[in-house]
Amino acid sequence: LLSEIAVMYRVNAQSRALEMSCQRNGIPYQIVGGVKFYQRKEIKDITCYLRIINNPHDDVSLARIINIPTRAIGQRTSSEISRIASLNKLSMFTVIEKICNDDGQDDHLSAQLSSRALNSLKKFMSLISELRKEIDQANLSSIVESVITNTGYREYLAKDEKADERLENIQEYHSATLE
């Protein structure tokens with residue numbers, strides 16, 4: 001009986017291979033005392049970056065990573081962007097583009113945002129633009145490595161109390177993209 005089988009592993013990053021194998025073979029499973037690999041914060045964050053690179057109008061993904069790693073785009077700024085997007089029936093990305101390309105011509109878009117927030121949004125847009133340039137020229141593995149490196153995500157994780165485990169997880173995620 002499957003209910004009588006347990007698989008133990010020492011490193012959480014190893015769960016991905018086990019989970020994938022169970023899924024491929026139609027074997028039901030549950031994780032006890034942990035979180036499924038693709039439900040972990042760091043994996044979701046990197047995945048959201050990949051989604052934004054592929055489709056910048058994915059508001060859910062954008063809202064998740066706009067200030068991860070921390071880049072001085074706080075909750076108030078995010079809420080204001082979301083409010084403007086909703087009022088104008090635009091994506092958050094489109095609103096950020098308009099704000100960043102505004103140059104003082106349309107003050108109502110940026111009136112509620114501090115100069116620090118505007119500067120941070122411009123840096124964020126530049127980062128996303130650079131990452132998007134790689135879509136046609138690089139493979140998935142290279143793009144994932146670029147996201148991890150160029151966003152400063154590795155350094156961001158290094159400050160976490162579970163840094164080693166989280167870094168192993170993103171390394172496993174990167175390795176999975178090679179497959």
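Give the lysines reachable from Lys162 as a straight Cα distance under 25 Å; neighbours fewer than 8 places away on the same chain don't count.
Cross-link targets: Lys36, Lys41, Lys44.
Which Cα, out of Pro28, Tyr49, Met125, lies furthest along the positive dipole direction of the chain (beta carbon charges, K/R +1, D/E -1)?
So the residue furthest toward the plus end is Pro28.
How big is D for region 1-77, in µm² s⁻¹ as a whole number, if Stokes-Einstein is applied with the Kirkwood radius of its Cα pairs at 10 °C and 1.306 mPa s?
106
Which of the peptides 26-33, 77-84 is most tightly packed, and how do the rest follow, going by the mean number of other Cβ atoms within 10 Å of each residue?
77-84, 26-33
Return the sequence-ordered ³J(HN,Hα) values of region 119-130 in whole Hz as given by the Karplus equation 6.51 cos²θ - 1.76 cosθ + 1.60 applied to θ = phi - 60°, using x for Gly and Pro.
Ordered by residue, 3J(HN,Hα) equals 5, 5, 5, 5, 5, 4, 4, 5, 4, 5, 4, 4 Hz.
Could you state the accessible area per residue of the chain in Å², with a 1.4 Å probe and every protein chain left in place?
Heavy-atom accessible area per residue stands at 60 Å².
Measure off, as a whole percent, the carbon and sulfur share of the 1.4 Å-probe accessible area of region 57-179, all protein chains present.
Accessible surface attributable to carbon and sulfur in region 57-179 totals 45 percent.
The values are calculated or read from the model by the stated rules, or taken from the named source; none is laboratory data. Computed from a prediction, not measured in an experiment: that's the story for all the values here. When we count neighbours, we look across all protein chains shown, and the Cβ atoms used for this are built from the backbone with ideal geometry, even at glycine. For accessibility, only protein heavy atoms count, side chains too; no ligands or nucleic acids. Shrake-Rupley method; radii C 1.70, N 1.55, O 1.52, S 1.80 Å.
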